[in-house]
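The values are calculated or read from the model by the stated rules, or taken from the named source; none is laboratory data. It should be emphasised that the depicted structure is a prediction, and the values quoted were computed from it without experimental measurement. All Cβ positions, even for glycine, are placed from backbone atoms using ideal geometry, and neighbour counts span all protein chains on display.
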Amino acid sequence: MLQPRPGVYMIENQADYMRYIGGATDVQMRIWKHKAELRHGRHRNHALQQAWDQYGEDNFTFTVIEYLSDPATLPGREQHYIDHFNALDVDGYNYRRARGAGWQQIPSKLLNGEVDVERIQELRVLIDRIRPPAGAVPVTAATDRAAI
């Protein structure tokens, strides 16, 4: 059995590139729990569950962004990545800050009318124009090395 490791992870929807950032003292177990909840239609993040149901499991990736040697740094690192990936805004599924990092619930800017919905739709059209075609192999460090 694997030793539990604290870390920060990302769930990314490959269809629209929206992300959920989370942190856990046992990051692999937490990812497993997310998958189980999503597969059974019981995830507590309704926006993430709805996207999973709409786009399907094959359109989601689960990635450990960072393993941590000190679990006490978890809230700060999780919040760092929530901010970095803009996961509390229209680019993400997070609806609150990281636990221990000012954990109050933050209302969505979209729901409060602070975001121009028409502009978001325009941006999505632009993103669709530059998105790689279905079936394209993404360039990663592994595929890049394989090409050499």
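Which condition number does ALA36 fail, the rest of (1) in a strand (DSSP E or B); (2) surrounded by fewer than 16 Cβ atoms within 10 Å (Cβ to Cβ); (3) of a type in the set (Gly, Ala, Ser) being met? (1) is the only condition that ALA36 fails.
Considering ALA98, ALA47, which residue is assigned to a loop (DSSP other than H, G, I, E, B), within 14 Å of the chain's Cα centre (by Cα) and modelled with pLDDT under 95? The conditions single out ALA98. Here LEU68 clears all of (1) modelled with pLDDT under 75; (2) in contact with a strand residue (DSSP E or B) (Cβ under 8 Å, 6 or more places away or on another chain); (3) of a type in the set (A, V, I, L, M) except the condition numbered (1). For the range 52-60, the condition holds for no residue, the condition being that it is surrounded by 18 or more Cβ atoms within 10 Å (Cβ to Cβ) and part of a loop (DSSP other than H, G, I, E, B).
Which of the residues belonging to the range 38-72 are under 20 Å from ASP89 (Cβ atoms), in contact with a helix residue (DSSP H, G or I) (Cβ under 8 Å, 6 or more places away or on another chain) and aliphatic (A, V, I, L, M)? Scanning the range 38-72 gives LEU48, ILE65. Name the single residue, out of those in the range 24-33 being assigned to a helix (DSSP H, G or I) and either touching a residue at least 40 places away in the same chain (Cβ under 8 Å) or among the hydrophobic types (A, V, I, L, M, F, W, C) (or both), that is surrounded by the most Cβ atoms within 10 Å (Cβ to Cβ). Among those residues, the one meeting the criterion is VAL27. Figure legend. Inter-residue proximity from the range 1-19: first residues free of Cβ contacts under 8 Å to residues at least 60 places away in the same chain and in a loop (DSSP other than H, G, I, E, B), second residues aliphatic (A, V, I, L, M) and buried (at least 19 other Cβ atoms within 10 Å of the Cβ), beta-carbon distance below 9 Å, spacing 6+ or different chains. Indicated pairs: PRO4/ALA24; PRO4/VAL27; ALA15/ALA51. Any residue in the range 70-78 that is of a type outside the set (Asp, Glu), closer than 17 Å to ILE11 by Cβ and surrounded by fewer than 18 Cβ atoms within 10 Å (Cβ to Cβ)? Looking for residues that are of a type outside the set (Asp, Glu), closer than 17 Å to ILE11 by Cβ and surrounded by fewer than 18 Cβ atoms within 10 Å (Cβ to Cβ), one finds none in the range 70-78, hence no.
Residues in the range 71-78 include none that are free of Cβ contacts under 8 Å to residues at least 24 places away in the same chain, over 18 Å from ALA98 (Cβ atoms) and among the hydrophobic types (A, V, I, L, M, F, W, C).
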